[in-house]
Amino acid sequence: LPVQSGSSRILSLMKRGYSREEYLQVIACFRASKREIALSTDIIVGFPGETQEDFEETISVLGQVRDDLVFSFKYSPRPGTEAYKMGDTVSEEEKTRRLMVLQEFQRKIQLERNAQLVGKVFEILVEGKSQKDSRELMGRTTENKIVNFPAEETWLGKLVQVQVTHYFPNSLAGEMVDV
């Protein structure tokens with residue numbers, strides 16, 4: 001669910017058609033569901049006219065929503081767009097700094113969220129070999145979290161129960177269990 005910015009002022013300049021408050025109301029509805037869901041978002045830093053206060057509002061939204069994954073980018077001017085006519089008012093150095101701050105903040109959120117999954121058992125569809133260790137396989141939880149675990153290739157394409165034993169910012173590690 002792309003927020004793009006946590007600042008209602010910047011969202012208006014982007015012509016997004018929703019405010020910070022409306023976005024947070026939608027998130028509250030999702031979080032109220034009975035089923036655990038994973039949320040991801042897109043964020044652009046350094047949009048023309050974005051102030052430090054606007055950027056801090058974006059960080060604040062990340063802290064409130066606590067997305068499982070964030071796709072973050074520096075604004076880059078694209079000829080023919082309305083934003084292009086506004087001029088690139090945020091320096092490249094400042095965009096880079098903001099992106100690094102945002103990504104580090106999100107990394108901490110992902111670590112905290114993934115730490116809460118240690119000990120839990122998930123049904124995993126075994127998709128293929130792990131990118132981390134060729135002796136392991138990988139699959140995803142229903143919340144799209146990657147789990148790497150030791151297993152034979154005969155399990156490819158099958159559903160297995162995996163208990164999470166370790167966590168990282170972008171993936172989990174576990175062991176197959178009998179249920």
Surrounding net charge for residue 2, when Lys and Arg each add one and Asp and Glu each subtract one, Cβ distance under 12 Å: -1
Whole-percent carbon and sulfur share, accessible surface of the stretch 110-179, 1.4 Å: 48
Reachable lysines from residue 108, criterion Cα separation under 25 angstrom, eight or more residues apart if same chain: 74, 95, 120, 132, 145
Considering only the chain, percent of DSSP beta bridges that pair antiparallel, nearest 5: 70
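Percent of accessible area on the stretch 37-77 owned by carbon and sulfur, 1.4 Å probe?
Numbers: 890 of 1560 Å².
The computed percentage sits at 57.
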Share of alpha-carbon pairs per 5 Å distance bin for the stretch 14-124, given as whole %: 2, 10, 18, 20, 19, 13, 8, 5, 3, 1, 0
Average accessible surface area per residue within the chain, 1.4 Å rolling probe, Å²: 58
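Looking at the stretch 44-97 from every direction and averaging, what is the projected area of its Cα convex hull in nm²?
Values: hull surface 16.3 nm².
Reported value for the Cα convex hull: 4.1 nm².
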Alpha carbon centroid spacing (whole Å) that separates the stretch 121-179 from the stretch 25-77: 28
Sum of -39500 (n - 2.57) over DSSP H runs of 4+, divided by residues of the chain (222 nm, nearest 500): -10500 deg cm²/dmol
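Which length gain, in nm to one decimal place, applies between residue 39 and residue 131 when the Cα-Cα distance is subtracted from 0.36 nm times their residue separation?
Numbers: separation 92, 0.36 × 92 = 33.12 nm, distance 2.35 nm.
Between residue 39 and residue 131, full extension yields 30.8 nm more.
If a/c stays under 1.5 just call it rounded; otherwise compare a/b with b/c (prolate if a/b is bigger, oblate if not). Do that for the stretch 46-179, with a ≥ b ≥ c from the square roots of the Cα gyration tensor eigenvalues. Walk me through the numbers on the way to the answer.
Values: a/c = 3.48, a/b = 2.41, b/c = 1.44.
It comes out prolate by the Cα gyration axes.
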Highest-fluctuation residue, 139, 17, 80 considered, GNM on the chain with Cα pairs under 10 Å: 80
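The values are calculated or read from the model by the stated rules, or taken from the named source; none is laboratory data. Computed from a predicted structure; not experimentally measured. Glycine also receives a Cβ, built like all others from the backbone with ideal geometry; neighbour counts cover every protein chain displayed. The protein model used for the area step is the full one, side chains on, heavy atoms only, and it has no ligands, DNA or RNA in it. Shrake-Rupley method; radii C 1.70, N 1.55, O 1.52, S 1.80 Å.
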